[in-house]
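Report on one structure; see the data block that follows.
The values are calculated or read from the model by the stated rules, or taken from the named source; none is laboratory data. All values reported here derive from a predicted model rather than from experimental measurement. Here Cβ is always computed from backbone atoms with ideal geometry, including for glycine, and neighbour counts include all displayed protein chains.
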Amino acid sequence: MNYATTLARTSVSLDTDTLANLDSLAKRWSVSKAEVMRRAIRKMKTEADAEDQRPSPLQALEWLQNGAGLSVAEGAEFKANIEAERQAKRYWWES
């Protein structure tokens, strides 16, 4: 934490279970309750930002249907490699 930053005092209302969890984490980590809350908020912000960067299921499907970032030549090469690998694994009676 950068202690050069200005801290602002605020008040929150917490239910007894949340307050007990806050106390427990503060003791476990040997930090203040305020530090527990700062860490939790930073983590949730990071996760929310990462979630915003993820494509929607429809966007992901569209990306896959459009070649998943492969050029036509790369796709053809990949297909040829897979076909060759499958042919190599066939038994004599499967041809």
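Descriptive notes on the structure:
- Residue count, the range 32-87 (criterion: in a helix (DSSP H, G or I), within 30 Å of residue 19 (Cα to Cα) and not acidic (Asp, Glu)): 15
- Residue in the range 45-53 that is modelled with pLDDT under 95, surrounded by 10 or more Cβ atoms within 10 Å (Cβ to Cβ) and closer than 30 Å to residue 75 by Cα present: no
- Evaluating residue 57 against the criteria (1) surrounded by 11 or more Cβ atoms within 10 Å (Cβ to Cβ); (2) modelled with pLDDT under 95 leaves one unmet condition, (1).
- Candidate set from the range 69-88 (those that are surrounded by fewer than 10 Cβ atoms within 10 Å (Cβ to Cβ) and under 22 Å from residue 55 (Cβ atoms)); member that is modelled with the lowest pLDDT: 69
- Take the conditions (1) more than 27 Å from the chain's Cα centre (by Cα); (2) small (Gly, Ala, Ser); (3) part of a helix (DSSP H, G or I); residue 13 misses just one of them, which is (3).
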